[in-house]
1. Between residues in region 93-118 that are in contact (Cβ under 8 Å) with a residue 40 or more places away in the chain and residues that are surrounded by 10 or more Cβ atoms within 10 Å (Cβ to Cβ) and of a type in the set (Ser, Thr, Tyr), which pairs lie under 9 Å by C-beta distance while being six or more apart or on different chains?
2. Restricting to region 1-28, name every residue that is small (Gly, Ala, Ser) and either touching a Pro at 6+ places or on another chain (Cβ under 8 Å) or loosely packed, with under 10 Cβ neighbours inside 10 Å (or both).
3. If we scan region 29-46, do we find a residue that is modelled with pLDDT of 80 or more and assigned to a helix (DSSP H, G or I)?
4. Taking region 102-118, which residues are part of a helix (DSSP H, G or I) and either among the acidic types (Asp, Glu) or in contact with a helix residue (DSSP H, G or I) (Cβ under 6 Å, 6 or more places away or on another chain) (or both)?
5. Taking into account only those residues within region 54-101 that are among the β-branched types (Val, Ile, Thr), in a helix (DSSP H, G or I) and under 22 Å from the mean Cα position of the chain (by Cα), which is surrounded by the most Cβ atoms within 10 Å (Cβ to Cβ)?
Amino acid sequence: MILEYGYVYIALIFAIILSMVLFTLSYLGILRKYDVEKISAYECGFEPFEDTRSKFDVRFYLVAILFIIFDLEIIYLFPWALVLNKINLFGFCTMIIFLFILLIGFIYEWKKGALDWE
């Protein structure tokens, strides 16, 4: 049994050693110069070095969750596009209905103002 998994163990040990070496080299090779642009608020809308109990804007998380939802729904388009020439009319109509429901959800979120940052 050890002979059967020997190559797997060797690859696992090699991967662990290689990742530790690369991590150490990248840690030692970075420049630690902090400027105003590096420590400024980037995507989340609040300063990165503040009190952890400060209030923050929830709209960022709402937009992020909406992006993930629509992104996951778009994943279903890839398998459909691969078998588009092999499916019948029922498969085509099913995906058109799915896309229509997705469009209705997007328009609803747009009209509710969930995508407006103000």
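The values are calculated or read from the model by the stated rules, or taken from the named source; none is laboratory data. These numbers come from a predicted model, not from an experiment. Cβ coordinates were reconstructed from backbone atoms using ideal geometry, including for glycine residues, and neighbour counts include every protein chain displayed.
1. Filtered contacts from region 93-118: ALA114/TYR108.
2. Taking region 1-28 first, the residues small (Gly, Ala, Ser) are 6, 11, 15, 19, 26.
Within region 1-28, just SER26 meets the criteria.
3. Residues of region 29-46 modelled with pLDDT of 80 or more: 29.
Remaining after also requiring assigned to a helix (DSSP H, G or I): 29.
Looking through region 29-46, at least one residue is modelled with pLDDT of 80 or more and assigned to a helix (DSSP H, G or I).
4. Restricting attention to region 102-118, the residues satisfying the condition of being part of a helix (DSSP H, G or I) are 102-112.
Selection gives LEU102, GLU109.
5. So the first thing to find is which residues in region 54-101 are among the β-branched types (Val, Ile, Thr), and the list is 58, 63, 65, 68-69, 74-75, 83, 87, 94, 96-97, 101.
Narrowing the set further to residues that are in a helix (DSSP H, G or I) leaves 63, 65, 68-69, 74, 94, 96-97, 101.
If we keep only those that are under 22 Å from the mean Cα position of the chain (by Cα) too, we end up with 63, 65, 68-69, 74.
Details: VAL63: 16, ILE65: 11, ILE68: 10, ILE69: 13, ILE74: 11.
Among those residues, the one meeting the criterion is VAL63.
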